[in-house]
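This report refers to the structure that appears directly beneath it.
Where a number appears in this text, it was derived from the coordinates with a stated rule and is not lab data. Small disclaimer: the values here were computed from a predicted structure and weren't measured. With ideal geometry, Cβ positions are generated from the backbone for all residues, glycine too; neighbour counts draw on all protein chains shown.
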Amino acid sequence: MTQSYYEASARERLAAVLDPSSFQEILPPSARVMSPHLRQLDTPAAFDDGIIVGEGRLDGQPVLAAAQEGGFMGGAVGEVHGAKLVGLLERALDTRPTAVLLLVESGGVRLHEANAGLIAVSEVMRAVLAVRGAGIPVIVLDGGQFGCFGGMGIVARLCDTVIISEEGRLGLSGPEVIETTCGVEEFDSRDRALVWRTVGGKHRTLLGEAGELVADATAAFRAAAIRALALTPDLSLEALEREHAALGQRIERFGECHDAVDIWRALGVEDPERLPLLEAADFNTVTAGKRA
Amino acid sequence: MRDWNTQARNREARLVRAAHLTQGKTVEAKDAAALLSAVLEPGDRVCLEGNNQKQADFLAKVLAGLDPARVHDLHMVQSVLALPEHLDVFDRGVASRLDFSFSGPQGARLAKLVAEGRINIGAIHTYLELFGRYFVDLTPRVSLVCAQAADRAGNLYTGPNTEDTPTIVEATAFKRGIVIAQVNQIVDSLPRVDIPADWVDFVIQSPKPHYIEPLFTRDPAQISEIQVLMAMMAIKGIYAEYEVNRLNHGIGFDTAAIELLLPTYAESLGLKGRICRHWALNPHPALIPAIEAGFVESVHSFGSELGMEKYIEARPDVFFTGPDGSMRSNRAMSQAAGHYACDMFIGSTLQIDLGGNSSTATLGRIAGFGGAPNMGSDARGRRHASPAWLKAGREAREGRGLMPRGQKLVVQMVETFREHMQPAFVERLDAWELAESAGMDLPPVMIYGEDVSHILTEEGIANLLLCRTDEEREQAIRGVAGYTPVGLARDKRMVENLRDRGIIRRPEDLGIDKSLATRDLLAARSVKDLVRASGGLYDPPKRFRNW
Amino acid sequence: METLKFEYRGGRPCNPAQASALAGVVGSGNLEILVEQEPLNGACAVEVVTAAVGFGAIWQAVLDDFFARHPLADVRISINDVGATPAVVSLRLDQAVNAFLGGTA
Amino acid sequence: MDAKLLLEQLFPAGQRVDFDGQYFSGTGQTADGEVAVIGTTDAAAIGVELAFRIAGQVLEIVRSHPRRPILLLVDTQGQRLSRRDELLGINGYMAHLAKCIEVARRAGHRVIGLVYSQAVSGGFLASSMLADTCYALPEAEVRVMNLPAMSRITKIAVERLQDLSQLSPVFAPGVENYLRMGAIAELWQGDLADCLEKALAAAVGHDARRDRGLARQGRLLAGPVAERVRHGGV
């Protein structure tokens, strides 16, 4: 099996991140809980609707976990896909695991069932907040090929932390969408260096949107997820006021920045141009204490 | 008395017409159109430097914008039609006749202009043929070339992408033609001189640096496990068997997979130092891990590749570089090397017929040939021996009572189906229909079946050298054509017989465990891995990055 | 979209390591294959749902060869395909069956 | 409907709402007391500044006016599409807004959403859809994407999408579709002040949208599948 988180399938990621052989799937492919809407639009459906949910252990602790399969429709959220995620989060309210892990990879709402997908994402948002409200941390792992965009990009930031690789991306509107709507001058989606500089793991980590940058290796994601088990959710007014102050500062400090490199320079990173070339460990050393 | 010096006098007249535009040899970019109007005469044969990577794009634009009432009926000779302007000159009536080699991105529009009678094609060539004709009957009267930099005297530095420039300039300058160069910058002193000043008449600094296409970069992330399997078969079933040491690879993911399996799979078979030591090849980024692993002793290149500059400079034992450290490529020399000095060519194609003929022609597109036929053909003039060449020659002649001689290995590597389930094996090439519709003398065949030694698919390797009858040859091809209609129509008994004789070999016959054919076998699985392998020297174009 | 059904007889009963196994992903040029143990009176039943219409004969040939390699009885094979080539189909079939019989996914 | 007219109809007993560009906030008077109002106009594109501002107002209400109900009147064409917003982490700002609404809910504020004009995609997701209950005016427009754009991306002919949208509420724009699928609890018609007072008086419970979607036959799988995952064996 591949060591690369980016290259692994959703099933391979779950197997590698959780304790060996500990994962037990709920509504597995053989249950054939599939999207009825895709068939109606003459589009192939998947036996698991592109998401795997179940129970397992992480470092011996009981956890619930979900993994989106980017290879199927870019991990987009449809009715069934979303319902599986909502059901898993609500299950956490009953079973009270140590944490819920979301191995996200999604372009957002699945257009073939756009309304159902949008509503499902908002139900996921409510459910994530309910789980955190119950004191159970929700941990996001983001390092797949399709990144984490659209509604899932919002969901990820509702959670306790986002563990991201340099290859991972996190945002709201995909670069292609912005280019198509606003023109190539606004965002050249084929300039991949620009894309990653804008929404990639390193920038997200420096901005404080992601909690930890790890190398693209399933073992690195696993180790970071184990560390994150110690998190305690805090949805107090004080916590939100702190976050509010930080986000306000971000607009003040970086609102006029044209490029991520300007932001990195403003953060006091020396030679910000070379950040994209650094391996995760070097990046973490160079940027220690310089994150927003 | 007959006048034996008309060309020189005509040249002088042209230079006089342009004299008011120059200071020394330098012409301002704003005067470029005036310059071309002054030196060009209707009916001139003009070589516009358009290679498959480097483009004299500014001069192309200026040429296409000339007044057709003044400049018309030009005869364009150029290796590659890559830019829209290359066809605009015909669309606007500035030129009317064309001899060329490759037209990849403009193939569809070219077919349309030919059908409308706007372009009269002389012939479609391979690179070497066209270069040869520059010195025989297609000598340019005026050449529009491009270089990285010029000095005040007019010496040119072509940079790593020298490509066609020396050939074009030599053919033009020594037959009293006129050479006009666009350069990215004019400097006091050049890193090195690639073209001496007295072969160059005018130098123009272009408003923007010329365009270079990163044509040979393949992202390892896109290599499939099927391609890994095929690369394993190539290494074990052909490279190792024939001890192939001098070779050329076509562009594509199939051959990139082979390059990336050298430090892993080939190494595990103990093949380092025994295969793949000398290459006629552009500096493929995918070759970096093999170079670093010590497989590769030398690489001579047709052109360079964007982003490889620093890596090449840091590996002067491997690449051909100037005293300044940067690469000196040369398309004509590397084509000659690929034809005569290599033991093997391996590359992909779009269609193969039952005779083993292959073509990349598709309906509605005139794509041309480029250099593949020079690589992918037996060099009948070759006389020096090598183990691979001798073994291939022996296999082809054994038991026939023929004069012994060697033969080049020409390997066609294809998956039986391309994307969208297009079969790679067909009863009849689309090239026939294209030839009829475009009024060509011959169907445009990229590599003739008689030159092909092996066909490699995911189903197996067919060794055509060992076939003794047309029927055997046909069944050997059907026998590796998988589930295509051609493959399904095989004579199963005969195919099994060919397999018993080693003419067809399946992965299991080669002792290859298919379950090992995963992407984990690739020495690099991403462009970032290539950067890592290069020690940070490779700087890929931004479109290939995901960091 | 097209649904194709095939049935093979004469296979051998098998002793799978798990009740079902999945290989592949429903993505362009790829497919997913679900292999399940099921009493089918000794048959091996295959159902293919494919986005590429008109390739029934090729599926038949690919599956014939697959069954010759793996003569399975009382097994249901369900496939969701997005235009995978026969080479990919054969590879995934072998992967799915290996996981099913050997228990390695 | 114009926002000012809407406010007059919602609060015949009086309201004090300040408009600043596309943003407005203030209070309205109902029989049960004051209601906080936060909203946007002119199909605002929600970028980082606007999301931040709405979130700040929610926090201010929680801090200064315990348990005061909050009415969200967000008119949006969706998230602002720009490289700058992505650079600054717009998804984080949207999530922050969602968290602030949750904090209000947990602190005992009723949160009601009313779609009075447009509600699109990300802008809808991070605001009205996070309310305890979301309502809409009949003339409101709700969508993820219009059919021609959807057709381009999915490569399904727009005619086919139009035909299927007659049969299924699942992808096509339309407030009726969102009603059937349970995301919109009711359409408010007639006396809007009366509608608001009833909504404020209604019991607050769990996220009831999938139950409504099932009952209204617009979303048949969401509820049952979620329940199976929640309660099923492994």
* Kindly provide the pair-distance distribution of chain B built from C-alpha pairs, with 20 Å bins from 0 and whole-percent values in order of increasing distance. => 21, 51, 25, 3, 0
* Structure fact -> Env charge @ D:P69, Cβ radius under 14 Å, K,R +1 / D,E -1, value +1
* What whole number of Å gives the distance from the Cα centroid of region D:1-54 to the Cα centroid of region B:114-131? -> 70
* Structure fact -> Computed, not fitted: 222 nm per-residue ellipticity of chain B from DSSP H runs ≥ 4 (each -39500 (n - 2.57)), nearest 500, equal to -7500 deg cm²/dmol
* GluC sites (Glu not before Pro) within region B:419-520: which are DSSP loop residues with at most 15 other Cβ atoms inside 10 Å? -> B:E427, B:E508
* Work out Dmax and Rg for the protein assembly as shown from the C-alpha atoms and quote the Rg first, both in angstrom. => 33.7, 118
* Gap separating the Cα centres of region B:17-82 and region B:236-257, nearest whole Å -> 41
* Structure fact -> Whole-Å distance linking the alpha carbon centroid of region C:1-62 with that of region A:254-285 is 51
* Translational diffusion of chain D, µm² s⁻¹ [Kirkwood Rh, Cα pairs; Stokes-Einstein; 25 °C; 0.890 mPa s] -> 133
* Asked: What longest region of chain D stays clear of trypsin sites (Lys or Arg not before Pro) that DSSP places outside H, G, I, E and B and that have at most 16 other Cβ atoms within 10 Å?
  -> D:68-154
* Exactly which GluC sites (Glu not before Pro) in region B:80-169 are in a DSSP loop and have at most 11 other Cβ atoms within 10 Å? -> B:E116
* Asked: Stretch B:D3-B:K542 to full length: gain in nm at 0.36 nm per residue minus the Cα-Cα span?
  -> 188.3 nm
* Shape parameters for region A:196-281, alpha-carbon atoms, Rg then Dmax in Å -> 15.0, 39
* Tell me what chain D gives for mean residue ellipticity at 222 nm when only DSSP H runs of n ≥ 4 count, each as -39,500 (n - 2.57), the sum divided by the residue total, rounded to 500 deg cm²/dmol. => -12500 deg cm²/dmol
* What is the extension gain from A:T285 to A:S21, computed as 0.36 nm multiplied by their sequence separation minus the C-alpha to C-alpha distance, in nm to one decimal? -> 91.6 nm
* Asked: Using a simple charge model, +1 on the beta-carbon of Lys and Arg, -1 on the beta-carbon of Asp and Glu, nothing else, what dipole does region D:1-145 show about its Cα centre, in debye to the nearest 20?
  -> 500
* **chain D: antiparallel DSSP beta bridges as a percent of all, rounded to 5** => 40
* Asked: What is the average number of partner chain Cβ atoms found within 10 Å of a Cβ in A:184-196?
  -> 4
* What are the DSSP H helices in chain A that stretch 18 Å or more along their long axis, judged by alpha-carbon atoms, and whose average Kyte-Doolittle hydropathy comes to at least -0.5? -> A:79-95, A:114-133
* Could you work out Rg/(2.2 N^0.38 Å) for chain A, with Rg from alpha carbons only? -> 0.97
* Asked: Helix B:387-397 versus the longest principal axis of chain B: what angle, 0 to 90°, nearest 10, using Cα atoms?
  -> 70
* For helix B:6-18, report the angle its Cα long axis makes with the longest principal axis of the Cα atoms of chain B; keep it between 0 and 90° and round to the nearest 10°. => 70
* Asked: Given R₀ = 35 Å, FRET efficiency for B:R152-B:S37 by Cβ-Cβ distance, to 0.05?
  -> 0.90
* Asked: What number, rounded to the nearest 500 deg cm²/dmol, is the helix-based mean residue ellipticity at 222 nm of chain A, given -39500 (n - 2.57) per DSSP H run of at least four residues and division by all its residues?
  -> -12500 deg cm²/dmol
* Can you pull the percent of Cα pairs in region C:2-100 with separation above 16 Å? -> 50
* To do: List A:H81, A:H37, A:H112 from most exposed to least, where exposure is judged by having the fewest other Cβ atoms within 10 Å.
  => A:H37, A:H112, A:H81
* To do: Using only the C-alpha atoms of region B:407-465, find the volume of their convex hull and express it per residue in Å³.
  => 101
* Structure fact -> Whole-percent tail of the Cα-Cα distance distribution for region D:131-190, cut at 14 Å, equals 57
* With Cβ to Cβ distances under 14 Å as the rule, what net charge do the other residues near A:G60 carry (K, R +1; D, E -1)? -> -1
* Could you give the alpha-carbon Rg of region D:167-233 over 2.2 N^0.38 Å, rounded to two decimals? -> 1.31
* For region B:189-341, what mean projected area does the convex hull of the alpha carbons give, in nm²? -> 10.8
* **Burial ranking of peptide ranges D:68-77, B:183-192 (average Cβ count within 10 Å, highest at the top)** => D:68-77, B:183-192
* **Charge tally in the Cβ shell below 14 Å around B:W279, where Lys, Arg are +1 and Asp, Glu are -1, B:W279 excluded** => -2
* To do: Would you please report the Å³ per residue occupied by the convex hull of the alpha carbon atoms in region B:1-137?
  => 134
* With charges set only on the Cβ (+1 for Lys and Arg, -1 for Asp and Glu), what does the dipole of the protein assembly as shown come to about its Cα centre, in debye to the nearest 20? -> 1380
* Once you have all Cα-Cα distances for region A:116-273, histogram them in 5 Å bins from zero and send the whole-percent values. => 2, 9, 14, 19, 21, 18, 11, 5, 1, 0
* **Peptide-level mean, for A:243-256, of C-beta atoms on other protein chains within 10 Å** => 4
* How large is the convex hull of the Cα atoms of region D:1-61 per residue, expressed in Å³ as a whole number? -> 75
* Asked: Averaged across the residues of B:457-466, what count of C-beta atoms belonging to other chains lies within 10 Å of each residue's C-beta?
  -> 1
* Of all DSSP beta bridges located in region C:2-100, what percent are antiparallel, nearest 5? -> 70
* **Beta bridges by DSSP in the protein assembly as shown, antiparallel share as percent, to the nearest 5** => 40
